[in-house]
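A short worksheet on the structure shown next.
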Amino acid sequence: MFIDPGKLARPALQRSAMSPPTNMRNPLRFAPPERECFLDPARSINISSLQDEELGKRLLSRKQEGPLFHKGVRLLRETAVRLLLISAVLIIPASLYSTVVAQSGPPNITVNGSLSANKVKRGRTVQATVVMTIPSGYHVNSSQPLEKFLIATQLKVEAPKGVRVGAVSYPRAVVRKFQFSKNRVSVYEGRPTMRFSITVPNDLSSGSKEIKMRLRYQSCNDESCFPPQNKDVSLWLNVE
């Protein structure tokens, strides 16, 4: 009986081709037998068979400290947001700050005085005028503000010895209602004008004489009042 050697070798080759390799029977096995590491479906790590203890410690520390690490990152993010908010509040542009202060401060009220005549003879009388210029949206209390806690507008005049100064005539006030008072108050607005007379005696020496004036007033807006202020003004009386 004649046997073909080639036919005897073919079944062996087919069986070897169909048989899976020995290293593919366990798909989760990825290390040599002496350094095996298996992963279960819950992703837990078993390093009991690892020979590298330092590597195992690092893996365990990552597994155990994972929640703490994420919590630390969250705390750092919250702290960074808080610091940004604080910086935005504290770092205010200088122009914006100056604008806020200017709007909340007292108004710029100017006070000017004048005489009805540049020169006056002995025994004659001249009229003096003092004018306030109050910005829009503000007012000052009148000479009789109708509320005890408000400071009245007063003009005091100091003249040289022998010069007679008449009583100050205040303008007519406006009665209005504001938020800072339950009752109506008497105020001046716009350009209130005060007047008084100056009489030169017959025996007064000729020359330039100074008439000193001090105006005391309290300015307010619709919501509140500011501390009282004093404005000094001088008039020069030329006596012939």
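The values are calculated or read from the model by the stated rules, or taken from the named source; none is laboratory data. It should be emphasised that the depicted structure is a prediction, and the values quoted were computed from it without experimental measurement. Positions of Cβ are generated from backbone atoms using ideal geometry, with glycine treated the same way; all protein chains shown enter the neighbour counts.
Details
- Residue in the stretch 178-194 that is among the acidic types (Asp, Glu), modelled with pLDDT under 95 and not in a strand (DSSP E or B) present: no
- Checking the stretch 163-177 against the condition returns a match, with at least one residue being exposed (fewer than 11 other Cβ atoms within 10 Å of the Cβ), in a loop (DSSP other than H, G, I, E, B) and of a type in the set (A, V, I, L, M, F, W, C).
- Single residue of the stretch 201-217 satisfying the filter (modelled with pLDDT of 95 or more and buried (at least 16 other Cβ atoms within 10 Å of the Cβ)) that is farthest from the chain's Cα centre (by Cα): ILE211
- Index of the failed condition, GLU158 passing every other in (1) exposed (fewer than 13 other Cβ atoms within 10 Å of the Cβ); (2) under 40 Å from the mean Cα position of the chain (by Cα); (3) not hydrophobic (A, V, I, L, M, F, W, C): (2)
- Within the stretch 100-147, the residues that satisfy the criterion of being farther than 21 Å from PRO192 by Cβ, within 34 Å of the chain's Cα centre (by Cα) and not small (Gly, Ala, Ser) are VAL100, VAL101, GLN103.
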